[in-house]
Amino acid sequence: MSNLNINAIRADFPILHQEINGYPLVYLDNAATSQKPRQVIDAVSHYYLHDNANIHRGVHKLSQRSTDMYEAARGKVRQFLNANSDKEIIFTRGATEAINLVAQSFVRPKLQAGDEILISHLEHHANIVPWQILCEQTGAKLKVIPMTQSGELDLTDFDEMLTERTRILAIGQVSNALGTINPVKAMIAKSHAKDIPVLIDGAQAVPHMTVDVKDLDCDFYVFSGHKMFAPTGIGALYGREELLNAMPPYQGGGDMILSVSFEKTIYNELPAKFEAGTPHIAGVIGLGAAIDYMWQIGIDNIAAQEHHLLEIATRKIEALSGVTIIGTAPEKAAVISFMIEGVHPHDVGTIFDQQGVAIRTGHHCAQPVMEFYDIPATARASFAFYNSEEEIDALINAIQKTQELFA
Ligand code: PMP
């Protein structure tokens, strides 16, 4: 149980207070995207109402204010991840763009045909497809750590999969489809023992737990703001300074250069080298506000409340007959994927919506996980700290009503 006053917290999220089809909205689709507290919405709107200007280029007051706010948010992300320096924080559109950046700028120049990239069966498409593109470009091979029936990584042959040809291990910290928390710290240590760099996809981790890139000792860490209460279209890449320094730019354009002539362009220092063009300034400021908000609530409190919700929801679903939870790892973040016997997950989603309960149905951009279980899709309820026990009851009711309808 957590110390949070859920009613007070819910008052910070205006969107939660509405009816859908005559029922109070029960938003359980947080793994797809989270809702935004008023503090984040206000920070973005305050920026547009008072401070909007392009950054890094102007001597006028608004530009200075925008630049200061943008760079202050970078400092918050640095602190949020416990990175060493602001130079190690690159703003991107999200986790997807950050993974593509590392694939193309860090890994591609090192790759020869026959080299290997190691990912896992649990990955989101965002941590599969950029590597497949890279393999097509270079003749490298994609290798995949298998998974078990409980939805965990099968690490039996992990040591042997880390070979002298492995150029990167790219692995999700938390599975978006099943909620499994992977033992990434131990995996990073094993990879580093063989000098293999590691990228961690933290898209589903940062909303739920404290992340410390120094403690993890990863080389790259990526996440999206919109899953952690910030606007869409903004995220970040953490990279070790010496690695980022040695990497060529990912995109060319304004702001990432020191000087340009037709003969030669000199690239800017970190982090600007990787931030070509006018960035999503308002999004960055919103991300900073989201981090402030999470700190104010307390990340341990967030984790405790979500753990509590996950436990009671799991217990209540397990007590129902005809419902199977897909993914039963002992270490899970606040995600429950499930199947209702005899009902297609898409119908489950539609019937739930008729009762105001928003969940996700589909393959969750993790088709290999669905293939593993030989199912087309699951229904997925995913919780945030603003969800209440009453909403778990609404979820259980929705399952029972669906079963009645299909009986
Ligand atoms: N990785 C994981 C584990 C995810 O859950 C997601 C989003 N569903 C992504 C990467 C991609 O994030 P985005 O679409 O915000 O870039």
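The values are calculated or read from the model by the stated rules, or taken from the named source; none is laboratory data. Owing to the predicted nature of the structure, the values given are computational and were not obtained by experimental measurement. With ideal geometry, Cβ positions are generated from the backbone for all residues, glycine too; neighbour counts draw on all protein chains shown. All accessible areas refer to the heavy atoms of the entire protein, side chains included, with ligands and DNA or RNA removed. Shrake-Rupley method; radii C 1.70, N 1.55, O 1.52, S 1.80 Å.
In the context of the full set of protein chains, the stretch 265-407 has a per residue accessible area of 40 Å² (1.4 Å probe).
Pop out the carbon and sulfur fraction of the accessible area of the stretch 1-46 as a percent, whole number, probe 1.4 Å.
Values: 1270 of 2360 Å².
Its accessible area is 54 percent carbon and sulfur atoms.
Size of the stretch 281-363: Rg and Dmax of its alpha carbons, in Å, are 16.6, 50.
When a/c is below 1.5 the answer is rounded, else prolate if a/b is larger than b/c, else oblate, so apply that to the stretch 1-127 with a ≥ b ≥ c taken from the square roots of the Cα gyration tensor eigenvalues. Taking the square roots of the gyration eigenvalues as a ≥ b ≥ c, the stretch 1-127 is oblate. Using equal-weight Cα scatterers in the Debye expression, the normalised intensity of the stretch 346-407 in log10 at q = 0.16, 0.26 Å⁻¹ is -0.58, -1.08.
Could you calculate, for the stretch 26-90, the ratio of the Cα radius of gyration to the Kirkwood radius, expressed as Rg to Rh? Present the calculation step by step, with values, prior to reporting the outcome.
On the way: Rg = 15.0 Å, Rh = 13.9 Å.
My calculation puts Rg/Rh at 1.08.
Computed extension length for N397-D159: 81.1 nm, one decimal, from 0.36 nm per residue of separation with the Cα-Cα distance subtracted. The string of couplings for the stretch 9-14 from the Karplus curve (6.51, -1.76, 1.60, θ = phi - 60°) is 5, 4, 5, 6, 10, x Hz, one whole number per residue in order, with x for Gly and Pro. Per q in 0.06, 0.07, 0.11 Å⁻¹, report the Debye log10 I(q)/I(0) for the chain, using one uniform scatterer on each alpha carbon and no solvent. Relative scattering, expressed as log10 I(q)/I(0), comes to -0.25, -0.34, -0.84. State the percentage of accessible surface on the stretch 207-248 attributable to carbon and sulfur atoms; use a 1.4 Å probe and exclude ligands, DNA and RNA. Roughly 49 percent of what the probe reaches on the stretch 207-248 is carbon or sulfur.
Summarising the label geometry, the points placed 7 Å from Cα in the beta-carbon direction at L320 and E241 lie 5.2 nm from one another. Panel note: the C-alpha atoms of the stretch 153-225, placed on their principal axes, show extents of 35, 24, 17 Å (largest first).
Any number yet on Rg/Rh for the stretch 253-312, C-alpha, Kirkwood? That ratio is 1.35, to two decimals. Classify the stretch 69-115 as rounded, prolate or oblate, taking a ≥ b ≥ c as the square roots of the eigenvalues of its Cα gyration tensor: rounded when a/c is under 1.5, otherwise prolate if a/b is larger than b/c and oblate if not. Because a/c hits 1.5 or more and a/b exceeds b/c, the stretch 69-115 counts as prolate. Can you work out the FRET efficiency for the pair L49 and I312, with r the C-beta to C-beta distance and R0 = 45 Å, to the nearest 0.05? It comes out at approximately 0.60.
Set against the 2.2 N^0.38 Å expectation for a compact globular protein, the stretch 119-174 has a Cα radius of gyration ratio of 1.14. Based on protein heavy atoms only, the stretch 12-130 ends up with 43 Å² per residue of surface accessible to a 1.4 Å probe. Across the stretch 186-251, Cα-Cα pairs farther apart than 18 Å form 43% of the total. FRET efficiency for the D255 to D300 pair, using the beta carbon distance and R₀ = 45 Å, is estimated at 0.75.
For the chain, hydrophobic long helices are taken as DSSP H runs at least 18 Å long by C-alpha position along their axis with mean Kyte-Doolittle hydropathy of 0.0 or more; these are 281-297. What part of the accessible area of the stretch 273-349, given as a whole %, is carbon or sulfur when the probe is 1.4 angstrom? For the stretch 273-349, the apolar C and S fraction of the accessible surface comes to 50 percent. Across the stretch 208-299, the convex hull enclosing all Cα atoms gives 104 Å³ per residue.
Return the calculated 222 nm mean residue ellipticity for the chain, to the nearest 500 deg cm²/dmol, obtained by summing -39500 (n - 2.57) across DSSP H runs with n ≥ 4 and dividing by the residue count. Please list the in-between numbers first.
On the way: 14 runs with 148 residues, N = 407.
Calculated at 222 nm, the ellipticity per residue is -11000 deg cm²/dmol.
Classify the stretch 11-57 as rounded, prolate or oblate, taking a ≥ b ≥ c as the square roots of the eigenvalues of its Cα gyration tensor: rounded when a/c is under 1.5, otherwise prolate if a/b is larger than b/c and oblate if not. Here the stretch 11-57 falls in the prolate category.
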